[in-house]
Amino acid sequence: MKSIYLDNNATTPLDPVVLESMLAYFSDGFGNASSLHSFGRVAEEAVDEARRKVAGLIGPCEPQDIVFTSGGTESNNFAIKGVAHALRDKGRHIITSRIEHLAVLGVCKFLEQEGYKVTYIPVDEYGIIDLGALKQAIRDDTILISVMYANNEIGTIQPVEEIAAIAREAGVVFHSDAVQALGKIDLDAEKTGASLLSLSSHKIYGPKGVGALYLGKGSRITPLIHGGHHEKNRRAGTENVPGIAGFGKACDLAGERMEEDNKRLRFLRDRLWDGIKRDIRDVRLNGHPEKRLPNTLNISIKDVDAESLLYNLDLKGIAASGGSACTSGSLEPSHVLKAIGVSDSFIRGSARFSLGRKNTETDVDFTIKVLHEVVERIRGRFASH
Ligand SMILES: *Cc1c(COP(=O)(O)O)cnc(C)c1O
């Protein structure tokens, strides 16, 4: 049976070259990067090299502005709780958007319980944040604006530089969850104007459980994890040396391949959408038609439930997802699709196809064919009831 993986926004397969770059640090290079002897120095050099590579992919920016973490979720927790706690005497108001990843929304909910106030800015039908509403939401006690760079479900890319300019003018710290942007968009941390950017390794063909927070100069932040003096006192805990080395390698490869990968992925994604539109009636595209990640296609099919759709695709070896990976398994329609106003008759039939380096034209054509058959079958069943 075929095995076609179209869920690359949930995670990506580890690149074999990345795996190779990690192996030495599981064996002879096992040292603790904080140790002063030769074993420690080998590990420390690996971490430093990875830091330069991660910094290289987002600018380049200064390597010392990169703090390694356990992934995108920790980076978002570190950024938002860290700024909230560091600036608590200045104010307790945070602004974010309605379409953030749960690793941002969950942190905001937690801070609300601690007495912080959070404003959730609406987005338009394409998922672009309402800049007017953002400006109006800023108050004297606003300390942080957190808006994602690119959305994991619908792929919409935010006007990050404009948001940064609004934040700067108001003297408010700006954080962006850039996990989906890394490796897919030409990121320049300093030009972007964000003080903090969350990054993750496993969305760019690196290992899971490792990520980073870009911390621009002068950012005041309280650590999330306390203990030793690792990462210049910003994140305690012995560094995950193999994971960090792999993340560095993955950033290197992503930088080299970005242009070529994006061109191919955009072509395959558009071919998939063209085929779907041609074969299936009453289907809509979710997200911005142009300002969108090149690999992401989110659609809603009228009178079809995504669960049977995805189940039937899986039976044919095609892996896609409905809504976001974190909310699948629950029947709640995605908060992102609700925020862009997808109507009731469409929202339950929503599926995300996120393409990756391994996908081919054959994969795409097979998916179109199977999807068409499955939708016909599901609709036929509904009609006969
Ligand atoms: C995957 C993802 C995260 C979480 O990153 P992890 O490394 O899996 O913790 C956060 N934000 C976005 C937009 C993501 O796509």
- Surrounding net charge for M22, when Lys and Arg each add one and Asp and Glu each subtract one, Cβ distance under 11 Å: -1
- Message: What distance in nm lies between label points placed 7 Å from Cα along the C-beta direction at F30 and K90?
- Response: 4.5 nm
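Could you order peptides 189-195, 107-113 by the average number of other Cβ atoms within 10 Å of their residues, highest first?
With the highest mean Cβ count within 10 Å placed first, the list reads 189-195, 107-113.
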- Task: Mind giving me the nanometre distance, one decimal, between the label points for D282 and E373, set 7 Å out from Cα along Cα→Cβ?
- Result: 2.3 nm
- Note on the structure: With Cα coordinates, the longest principal axis of the chain makes an angle with the long axis of helix 306-315, in degrees rounded to 10, of 90 degrees
- Please work out the FRET efficiency for the pair R139 and M1, using the Cβ-Cβ distance as r and a Förster radius of 45 Å; give the result to the nearest 0.05. 0.20
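Sort largest first and round to whole Å: the equivalent ellipsoid semi-axes of the chain, each the square root of five times a Cα gyration tensor eigenvalue.
One finds semi-axes of 36, 27, 17 Å for the chain.
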- Listed residues G246, H202, I280: farthest to the positive end of the dipole of the stretch 201-291 (Cβ charges): I280
- Restricting things to alpha carbons, tell me how big the stretch 155-224 is in terms of Rg and Dmax, in Å. 12.7, 38
- Query: If you take all C-alpha pairs in the stretch 97-161, what percent of them are over 15 Å apart?
  - Reply: 52 percent
- Message: Charges on Cβ only, +1 for Lys and Arg, -1 for Asp and Glu, centred on the Cα centroid of the chain; of A165, L102, A236, which one is farthest towards the dipole's positive end?
- Response: L102
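What's the ranking of 286-292, 91-97 by average number of surrounding C-beta atoms within 10 Å, highest first?
Highest mean packing first, the order is 91-97, 286-292.
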- Which value at 222 nm does the chain reach when only helices count, each DSSP H run of 4 or more adding -39,500 (n - 2.57), with the total divided by all residues and rounded to the nearest 500 deg cm²/dmol? -13500 deg cm²/dmol
- Identify, among S354, M22, Y126, the residue whose Cα sits farthest towards the positive end of the charge dipole of the chain, taking +1 on the Cβ of Lys and Arg and -1 on the Cβ of Asp and Glu, with the dipole about the Cα centre. Y126
- Candidate lysines for bridging to K184, where Cα separation is under 24 Å - those fewer than 8 sequence places away on the same chain excluded: K53, K203, K208, K249, K263, K291, K358
- Task: Report the charge-dipole magnitude of the stretch 153-217 in Debye, nearest 20, computed about the Cα centre from +1 at each Lys and Arg Cβ and -1 at each Asp and Glu Cβ.
- Result: 280 debye
- Taking 7 Å along the Cα-to-C-beta vector as the label spot, tell me the Y311-D270 distance in nanometres, rounded to one decimal. 3.7 nm
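Read the figures in this text as sums done on the coordinates, not as results from a lab. Not measured: the values here are computed from a predicted model. Ideal geometry is used to build each Cβ from the backbone, glycine not excepted, and the neighbour counts take in all protein chains shown.
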